[in-house]
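To start, the structure under review is shown below, and the notes come after it.
Nothing in this text is a laboratory measurement; each read-out follows from the coordinates by a stated rule. In this text the structure is predicted, and so the values were computed from the model without any measurement. Cβ atoms come from the backbone with ideal geometry, glycine included; neighbour counts cover every protein chain shown.
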RNA sequence: GCGCGCUUAGCUCAGCUGGUUAGAGCGACUCGUUUACACCGAGUAGGUCGGGGGUUCGAAUCCCUCAGCGCGCACCA
């Protein structure tokens with residue numbers, strides 16, 4: 001008879017079992033396109049794929065990671081047991097701001113200043129940090145039993161992914177979906193970078209509302225210091241009180257002398273609030289900026305990127321905004337410019353990373369034009385190409401897509417993907433003689449055209465190297481108000497109607513317009529010339545086209561390289577820029593110092609990790625992925641953007657189902673926080689109670705989209721369950737192995753061949769077998785429907801309170817030495833069947849105990865698969881012929 | 001302001017498309033246990049399913065309404 005320890009000691013098994021699985025390669029899916037599978041498959045053969053939400057390299061594992069790892073591992077293991085080729089692709093995220101802040105802090109503790117260190121050295125330090133901590137978190141994910149394919153592990157700054165990022169940027173740029181411009185942005189003076197709208201968090205703070213005597217108006221403001229940047233007063237168009245004043249200019253007495261404002265009527269003004277008149281500070285308020293844009297009101301910036309008053313604010317220059325506010329209020333009171341002051345609760349904007357107050361300031365940044373992307377992304381969910389669980393988040397998703405604003409993607413940081421744009425300052429050049437305005441357009445094959453292409457479609461796509469085209473077009477964007485753009489290819493001069501791009505709002509049309517009006521065709525080896533003229537100046541580019549290769553997107557031939565022989569720019573900025581995958585040829589080009597928003601690379605994750613933009617086997621086979629499992633808190637940050645980018649770059653939704661889990665909270669449903677001291681550390685709990693217990697505690701009782709409370713008591717409960725599994729199995733194994741197995745007391749080759757004699761069944765046998773069948777069916781269905789909690793609970797209840805409490809007790813009689821030999825044998829067969837099949841079903845939830853027990857079970861019943869992880873799921877949903 | 005969620009036993013929560021006597025875990029109480037497991041077993045108590053109204057043969061479940069709590073988005077002069 002076997003000897004098995006009395007209690008389950010997880011520490012003795014977990015790490016060893018994990019190593020055995022990993023070494024055996026069970027986490028790596030078989031890529032077998034078009035071939036018949038090498039194993040018994042219960043599915044349609046489609047691979048099951050999850051891209052792991054890449055944890056930041058900044059920290060160590062917490063309960064949130066444990067939750068996603070558990071849920072994703074359950075799905076992965078379930079589908080593996082079902083026989084699907086299963087890929088769970090892990091990785092980590094460089095997490096721009098977060099990592100830079102943490103490393104900066106740690107360096108400062110060592111007395112090292114980031115700025116003295118310099119960019120290159122600093123980035124080296126961050127990489128050192130990454131080497132140290134990036135692997136910590138993946139090691140800890142293994143501890144959770146995550147059966148992901150480590151051979152495919154990725155990091156967002158890997159060469160392949162960086163290449164994907166550059167490709168995406170350049171492609172969007174060429175499509176006119178990325179632009180650079182001066183906008184009022186959310187600026188964090190503490191992190192010293194712009195952040196996106198959804199990276200801003202609002203919180204209430206007690207403050208004051210100042211009623212100012214403002215020329216003929218009395219108006220309220222929370223930020224009197226911005227008065228120095230005021231250029232207008234806005235009122236509601238229907239407001240009778242101010243009708244007469246609209247359009248007129250007024251002189252306002254200010255602390256730095258008189259200044260002039262214009263009165264405009266705008267619907268954004270709420271006539272009910274305050275006096276119905278608003279002072280407009282276009283440079284430091286989003287609403288004011290928009291009002292100013294609509295009424296052509298000038299903008300005056302008075303706050304700089306350090307959150308301090310600028311030189312144009314006289315004696316207040318250099319003060320922080322709060323200091324300036326106090327000083328200005330004091331001065332205004334002295335001048336009798338303040339009517340009265342109210343108490344007022346402000347909803348102030350703060351940075352989601354550092355908590356600092358956000359200053360809206362005008363800044364030149366890169367933006368993604370999101371609306372065209374959002375429309376497709378919205379449609380994908382509307383058409384059910386993507387299903388969101390729980391469904392109610394679809395509405396939230398739609399609302400976001402409907403109200404989306406352009407996405408500011410440049411960050412003034414060092415750690416991240418540096419923007420693939422290069423700048424060059426150019427000397428002023430003497431004006432060129434006026435160009436001949438020839439309106440003739442080039443058509444493919446047309447007489448006089450130097451273009452040799454025979455079919456017009458090929459011709460149309462064979463513009464010039466997209467990278468150079470973008471570089472050229474970038475200048476159109478930069479200077480506005482071009483009168484005309486001429487393209488001269490050596491023989492024919494082509495006029496391009498510039499009306500289409502005088503306005504930045506029409507940027508999407510740029511590429512199209514160019515193609516339509518004839519900036520197309522290439523001349524291998526011929527020097528061409530592009531000339532731009534604007535109200536600010538002109539630019540001339542001499543270009544030589546060389547060679548011909550297939551375009552990587554369309555497969556059509558394009559110019560392989562375009563040498564810019566010379567280019568000249570003369571405009572107000574005097575700067576030209578180049579957008580491309582690699583630095584441009586020639587001297588003096590400097591790359592844009594900014595990096596991209598972390599979420600830009602994250603948005604590419606489901607396909608960049610599989611090799612995109614290269615056409616790899618992995619991309620072909622595993623993309624689109626199956627499930628995106630993540631927290632509802634990053635629905636906008638991440639999920640929405642993956643959908644937008646997935647559709648844009650691959651033409652496919654990046655996943656079929658989005659499963660949103662909730663936030664892990666403490667047993668009283670409070671947020672886990674260090675200050676409350678209620679945080680649970682999975683790395684303490686795992687050695688204490690076992691990974692399986694932690695996993696079960698996270699799954700059972702949690703509903704998608706709903707926060708999940710968890711306390712140590714709950715985990716203890718599932719530790720007890722682990723032990724119950726161990727002991728019920730121990731009983732089974734010990735009893736079944738009584739007698740001589742070699743002579744085949746229970747016989748049979750595999751579990752399905754266990755010939756259970758229906759004639760000999762006791763009522764207890766019949767009941768358990770029937771219940772067992774139900775559980776198999778229910779659990780399969782629940783897992784297919786993403787109802788993990790219910791599935792786990794069902795299995796828990798069945799195993800403990802039906803199998804162990806009822807059936808094992810009943811089996812004791814049936815196994816008694818004085819019982820009929822045939823009954824004993826039959827009972828043993830039933831026990832083996834029930835136990836082995838239940839272990840398989842429990843395995844996705846509790847991989848370690850179940851595998852540990854399986855290995856024991858295999859010793860007395862060697863026909864079982866070598867490892868539980870690759871066993872066969874005991875219920876086939878397609879076989880609806882389940883006889884009761 | 002717009003939207004969403006929650007309110008079920010002392011605590012934390014399940015309860016899918018309405019259908020036996022509303023469930024679990026923890027906690028409480030009683031009893032038991034040399035015999036797979038005290039990280040155990042058998043059992044008990046505990047709920048007018050937030051209030052009100054409606055639909056229905058039948059409502060924790062669907063609809064309306066009110067209240068409390070929480071969250072998201074927008075505004076925030």
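Among A:793-800, A:162-169, what's the highest-first ranking by average C-beta atoms within 10 angstrom per residue?
A:162-169, A:793-800
Summarising the label geometry, the points placed 7 Å from Cα in the beta-carbon direction at residue A:208 and residue A:793 lie 5.5 nm from one another. Between residue A:809 and residue A:139, the FRET efficiency estimated from the beta carbon spacing at R0 = 25 angstrom works out to 0.05.
When A:786, A:645 are ordered from fewest to most other Cβ atoms inside 10 Å of their Cβ, what list results?
Values: A:786 20, A:645 26.
Ascending Cβ contact count within 10 Å gives the list A:786, A:645.
Would you please put A:758-771, A:723-736 in order of how densely packed they are, using the mean number of other Cβ atoms within 10 angstrom per residue and starting with the highest? Can you show the working numbers first?
Numbers: A:758-771: 14.9, A:723-736: 20.9.
Ranked from most to least packed, the peptides come out as A:723-736, A:758-771.
If you count, for each residue, the other Cβ atoms within 10 Å and average over each peptide, how do A:299-310, A:246-257, A:106-117 line up from highest to lowest?
Details: A:299-310: 19.6, A:246-257: 14.2, A:106-117: 11.2.
Those peptides, ordered most packed to least, come out A:299-310, A:246-257, A:106-117.
Run the simple label-point estimate for residue A:379 and residue A:396 please: 7 Å along Cα→C-beta, distance reported in nm. In this crude label model, residue A:379 to residue A:396 measures out at 2.6 nm.
Modelled spin-label separation between residue A:109 and residue A:197, with each label point placed 7 Å from Cα along the Cα-to-Cβ direction: 3.8 nm.
When A:867, A:202 are arranged by Cβ crowding within 10 Å, least crowded first, meaning fewest neighbours, the order is A:202, A:867.
As a proxy for reagent exposure, ranking A:235, A:49 by other Cβ atoms within 10 Å from fewest up yields A:235, A:49. Once the C-beta distance of residue A:339 and residue A:249 is scaled by a Förster radius of 25 Å, the resulting FRET efficiency is 0.65 to the nearest 0.05.
Which FRET efficiency value, to the nearest 0.05, do you get for residue A:270 and residue A:587 by plugging their Cβ-Cβ distance into 1/(1 + (r/R0)^6) with R0 = 60 Å?
Working from the Cβ atoms, E equals 0.60.
Net length available on complete extension from residue A:311 to residue A:816 is 172.2 nm, with 0.36 nm assigned per residue and the Cα-Cα distance removed.
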